[in-house]
Amino acid sequence: MTTSFLIDGPEQAKITILLAHGAGGAMDSASMTALAKALADSGFRVARFEFGYMAGRRISGSRKPPPRVAMLLPEYMAAIEVLDRKGPLIIGGKSMGGRVASMISDELASAGQIAGLLCLGYPFHPPGKPDQLRTAHLAEMRTPTLIVQGSRDPFGNREEVSSYALSRKIEILWLEDGDHDLKPRKSVSGYSAADHLKTLGETVSSWAGKIVR
């Protein structure tokens, strides 16, 4: 299957960010579109792509579930290979997409193919199942990593994540009262989704400036 990309941001941007979608939302979902725009507005060239099962949904109309994460690793590698880019590359994604990227990042970083990893709403565990952790590889992570997480994310909230053994290469940006899409309840937190997207863009820009010299 040919990989198609949605591209946002300036063509001559210094850094490209490649993002994969989550388990249930396509690359052009409202959440993915808002995240890509926030990063593009901060000066990044942002490329989004879909895994084969999600692209297949557009043809069949069925809600075929994603395969096991291990089956998606070659697809992410293939997307990197065909992406037309110049300059440093940061890989990552929303939820499952970020998890897949995290599982190939050390190999790619050690080969000089990527500069960092950006996870937007990392699925530390399935909702309601805090004992089923997906963090073993994160303890040994060698790739510069930024995880952007809502403080009330059911896939890993601030209290839960604070107890995990994570590599020192991992930085976490906590967005107050954010859910799995990083959205806060304005009446509770005093923040809006736009506020959090602005913070996301500014923080990623600052972090990228540190890891890309």
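Derivation of every value follows stated rules applied to the coordinates shown; laboratory data play no part. Because the structure is a prediction, the values reported are computed rather than measured. Don't worry about glycine lacking a Cβ; one is built from the backbone with ideal geometry, like all the others, and counts go over all protein chains shown.
Work out the FRET efficiency for V188 and D41 from their Cβ-Cβ distance, taking R0 = 35 Å, and round it to the nearest 0.05.
0.85
Could you order peptides 94-103, 181-190, 20-29 by the average number of other Cβ atoms within 10 Å of their residues, highest first?
94-103, 20-29, 181-190
Sort the following peptides by mean Cβ neighbour count (other Cβ atoms within 10 Å, averaged over residues), highest first: 192-199, 2-9, 80-87.
192-199, 2-9, 80-87
For R213 and R57, calculate 0.36 nm times their separation in residues minus their Cα-Cα distance, and state this gained length in nm to one decimal.
Length gained, R213 through R57: 52.1 nm.
Around A165, with a cut-off of 14 angstrom between Cβ atoms, what is the net charge of the other residues, counting Lys and Arg +1 and Asp and Glu -1?
+1
Using θ = phi - 60° and the Karplus form 6.51 cos²θ - 1.76 cosθ + 1.60, what ³J(HN,Hα) does each residue of segment 49-64 get, whole Hz, x for Gly and Pro?
9, 10, 6, x, 5, 6, 4, x, 4, 5, 8, 7, x, 7, 9, 4
If you take the square roots of the eigenvalues of the alpha-carbon gyration tensor of segment 80-202 and sort them as a ≥ b ≥ c, do you get rounded (a/c under 1.5), prolate (a/b over b/c) or oblate?
Oblate shape, in that a/c is at least 1.5 and b/c is the bigger or equal ratio.
In this model, which of K64/K210; K94/K186; K64/K94; K37/K86; K129/K198 are farther than 29 Å apart at the alpha-carbon?
K64/K210; K129/K198, as the Cα separations exceed 29 Å there.
Can you give the Rg and Dmax of the chain based on its C-alpha atoms, in angstrom?
16.0, 47
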